[in-house]
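The values are calculated or read from the model by the stated rules, or taken from the named source; none is laboratory data. None of the values given here were measured: they were computed from a predicted structure. Positions of Cβ are generated from backbone atoms using ideal geometry, with glycine treated the same way; all protein chains shown enter the neighbour counts. Ligands, DNA and RNA are stripped out before the accessible areas are found, and what is left, the full protein with its side chains, is counted by its heavy atoms. Shrake-Rupley method; radii C 1.70, N 1.55, O 1.52, S 1.80 Å.
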Amino acid sequence: GAVVSQHPSWVICKSGTSVKIECRSLDFQATTMFWYRQFPKQSLMLMATSNEGSKATYEQGVEKDKFLINHASLTLSTLTVTSAHPEDSSFYICSARVDRVSDTQYFGPGTRLTVL
Amino acid sequence: GNSVTQMEGPVTLSEEAFLTINCTYTATGYPSLFWYVQYPGEGLQLLLKATKADDKGSNKGFEATYRKETTSFHLEKGSVQVSDSAVYFCALIISNDYKLSFGAGTTVTVRA
């Protein structure tokens, strides 16, 4: 149980285009989903927290107009990288928390974004 | 603020060797501590966790003890296998703040 999927697993796009990444909890309902960014050989950096039915909370330094997050249902959150540039190339990872009192997050396999 | 410091890698070991990855933390509150593992090409998986002082988390032969006095949560395994090759992340979460703070990760390679 507690499986989180991401789609696509990798994407290559041209500079200036927008890319949408989906994060789904497959066998549980996630009240909260998190989006991370991981640079090569570095740790995960929390970008934003997404609660179902409400606006995402962004970490300091993360542009909310650049990284649009929508948590449309208890099993789906999407991250849209708008007007992508090469510096947005990275590994994006989502995670999901089962309930508001749980301290355990379940992670998706990640999405590799390459912007040409 | 909250932060996690773990030993830098990469770490290369032979099979059946003893593995230790050091992890220390600073936290404004009373954290829960975690070790996550990322196998090649896969997402992070929870390896073990401990929620209070002196708790020992264990899984797949790995152990870590929550040491409040030294603010540490070192990961150990007595006899590693090639399949343990992965990146290991130490992390913490504060009980009233759901955000995970990760260490930089330690790459472990086990050779046959």
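Structure notes:
- Calculated FRET value between A:Ser54 and B:Gln45, using beta carbons and R₀ = 22 Å, to 0.05: 0.20
- Accessible area, probe 1.4 Å, largest first, for residues A:Val98, A:Val81: A:Val98, A:Val81
- Distance between modelled label sites at A:Ser73 and B:Thr70, nm, 7 Å Cα→Cβ extension: 4.9 nm
- For chain B, the relative contact order works out to 37 percent when only alpha carbon pairs closer than 8 Å and six or more residues apart are counted.
- Burial here means at least 20 square angstrom less accessible surface with every protein chain in place than with the chain by itself, probed at 1.4 Å; in the stretch A:73-111 the buried residues are A:Arg97, A:Asp103, A:Thr104, A:Gln105, A:Phe107, A:Pro109.
- Partnerless cysteines in the protein assembly as shown, where a partner means another cysteine C-beta under 4.7 angstrom, comprise A:Cys13.
- Whole-Hz couplings from phi, Karplus 6.51/-1.76/1.60, listed for the stretch B:6-20; x for Gly and Pro: 10, 4, 6, x, x, 10, 10, 10, 8, 3, 6, 6, 8, 10, 10
- With Cα atoms defining each centre, the stretch B:35-51 and the stretch A:1-23 are spaced 21 Å apart in the structure.
- Percent carbon-and-sulfur accessible area, the protein assembly as shown, ignoring ligands, DNA and RNA, probe 1.4 Å: 50 percent
- Mean separation of Cα contacts under 8 Å (6+ apart) over length of chain A, as relative contact order %: 36 percent
- Computed label-point distance, nm, for sites A:Lys20 and A:Val3 using a 7 Å Cα→Cβ extension: 2.3 nm
- In order along the stretch B:101-111, the Karplus-derived 3J(HN,Hα) couplings, from 6.51 cos²θ - 1.76 cosθ + 1.60 at θ = phi - 60°, round to 10, 9, x, 6, x, 10, 7, 10, 10, 10, 9 Hz, and Gly and Pro are given as x.
- Globularity index of chain A is 0.99 (Cα radius of gyration / 2.2 N^0.38 Å, N = number of residues).
- Each chain gives up part of its surface: B and A jointly bury about 1400 Å² of accessible area, both sides summed, for a 1.4 Å probe.
- Of the trypsin sites (Lys or Arg not before Pro) found in the stretch B:1-69, those in coil by DSSP whose Cβ has at most 16 other Cβ atoms within 10 Å are B:Lys52, B:Lys60, B:Lys68.
- Note on B:40-53: average number of Cβ atoms from other chains within 10 Å of each residue's Cβ is 3.
- Theoretical FRET efficiency, 1/(1+(r/R0)^6), r = Cβ-Cβ of B:Lys60 and A:Arg112, R0 25 Å, to 0.05: 0.40
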